[in-house]
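No value in this document is a laboratory result; all are computed from the given coordinates. Since we're looking at a predicted model, the values are computed, not measured. FYI the Cβ positions are ideal-geometry reconstructions off the backbone, even for glycines, and counts take in every protein chain you see.
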Amino acid sequence: MFNDTYKEIKDHTTGVYKEKGSKFIAYSYPVYSEKEIKEKLEKVRKIEYAARHHCYAYILNANKSVQRASDDGEPSYTAGKPILGQILSNDLTNILIIVVRYFGGVKLGASGLIRSYKTAAAEAILSANIITETIKEQYEVSFKYPQMNDVMRLVKEYDLKLVNTDFQIKCKLIFAVQKSKACLVVEAFRKNHELKIEYIKTL
């Protein structure tokens, strides 16, 4: 069975972890583009301008196709990767977690840094409201007015969400359907040769 659901956080959260005088503050954000990520990084850098490091990780898209981590000057793999690990272990996407560090005068070593960045990120996720979203596909149906009843019967039968309707001489409607049901629904529409159905996009 194709899994057409994914999890993301609903709102911005924070988490704090302290170790040997060093303070780690995590900021988590729901994000949907590289542009948004850049804006959030700039925002946190302004808020925490005195912090020594602004490390982060993010995952984008329902299929988690975009993943990135940054150590921002910390030793390789001691910051960005542990943050990313927390996102992955909680099976989240469309999320950015930035962890800023204020140095407390005592070096933590690689294991101490990994533990600290991981825990701060985990704290931010712990306080988040995690929601489950469904991958949907959008289709446009074009038909003539006399076919209206047939089309609306299918919309009702498959409980389709109407995105847009235009019932003029030539009628059109756009609907969204759960990806796992899309083939079945498209086939039902195609049985009526008088109408035309076209895929638009995946959400």
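DSSP loop trypsin sites (Lys or Arg not before Pro) in the range 1-89 with at most 14 other Cβ atoms within 10 Å of their Cβ, which ones?
Working: sites: 7, 10, 18, 20, 23, 35, 38, 40, 43, 45, 46, 52, 64, 68; in loops: 10, 20, 52, 64.
Within the range 1-89, the qualifying trypsin sites (Lys or Arg not before Pro) (loop, at most 14 other Cβ atoms within 10 Å) are 10, 20, 52.
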Under a 5 Å amide H to amide H cut-off, with H placed in plane at 1.01 Å, what residues pair with residue 59 once short-range neighbours are removed?
94, 95
Mind jotting down the distance between the C-alpha centroids of the range 106-147 and the range 47-91, whole Å?
13 Å
Which whole-Hz ³J(HN,Hα) couplings does the range 128-139 yield from phi under the Karplus relation 6.51 cos²θ - 1.76 cosθ + 1.60, θ = phi - 60°, glycine and proline marked x?
8, 8, 8, 10, 9, 10, 10, 6, 10, 10, 10, 10
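By the gyration tensor of its Cα atoms, with a ≥ b ≥ c the square roots of the eigenvalues, what is the shape of the range 30-102: rounded for a/c under 1.5, prolate for a/b over b/c, or oblate?
oblate
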If you place +1 on the Cβ of every Lys and Arg and -1 on the Cβ of every Asp and Glu, how big does the dipole about the Cα centre of the range 136-202 come out, in debye to the nearest 20?
80 debye
With the dipole of the chain worked out from charges on the C-beta (+1 for Lys and Arg, -1 for Asp and Glu) around the Cα centre, which of 186, 114, 169 lies farthest toward the positive end?
114
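Taking the Cα centre of the range 21-63 as origin, sum charge times position over the Cβ atoms of Lys and Arg (+1) and Asp and Glu (-1), and report the length of that vector in debye to the nearest 20.
The calculated dipole for the range 21-63 is roughly 180 debye.
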Mean Cα-pair separation over length for the range 5-132, i.e. relative contact order, pairs under 8 Å, 6 or more apart, %:
41 percent
Name the shape class, rounded, prolate or oblate, that the alpha-carbon gyration tensor gives for the range 136-202, where a ≥ b ≥ c are the square roots of its eigenvalues, rounded holds for a/c under 1.5, and otherwise prolate holds if a/b is larger than b/c and oblate otherwise.
prolate
Show the residues, 5+ positions off or on another chain, whose built amide H is closer than 5 Å to the amide H of residue 203.
136, 137, 138
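What net charge is computed for the residues neighbouring residue 202, neighbours being all others with C-beta under 15 Å from the C-beta of residue 202, Lys and Arg scored +1, Asp and Glu -1?
Around residue 202, the surrounding residues sum to +1.
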Determine ³J(HN,Hα), in whole Hz, for all residues of the range 92-108 in sequence, where each value follows from phi through the Karplus function 6.51 cos²θ - 1.76 cosθ + 1.60 and θ = phi - 60°; x replaces Gly and Pro.
9, 9, 6, 9, 10, 10, 10, 10, 9, 10, 10, 6, x, x, 10, 5, 9
Quote the charge dipole size of the range 5-132 about the Cα centre in Debye, to the nearest 20; the model charges only the Cβ of Lys and Arg (+1) and of Asp and Glu (-1).
300 debye
For the range 5-132, just list the percent of Cα-Cα distances falling in each 5 Å bin from zero outward, please.
2, 13, 24, 26, 19, 10, 5, 1, 0
Over 31 Å (Cα to Cα) - which of 35/201; 20/81; 43/179; 118/179; 7/107; 43/107 fall in this group
43/179; 118/179; 7/107
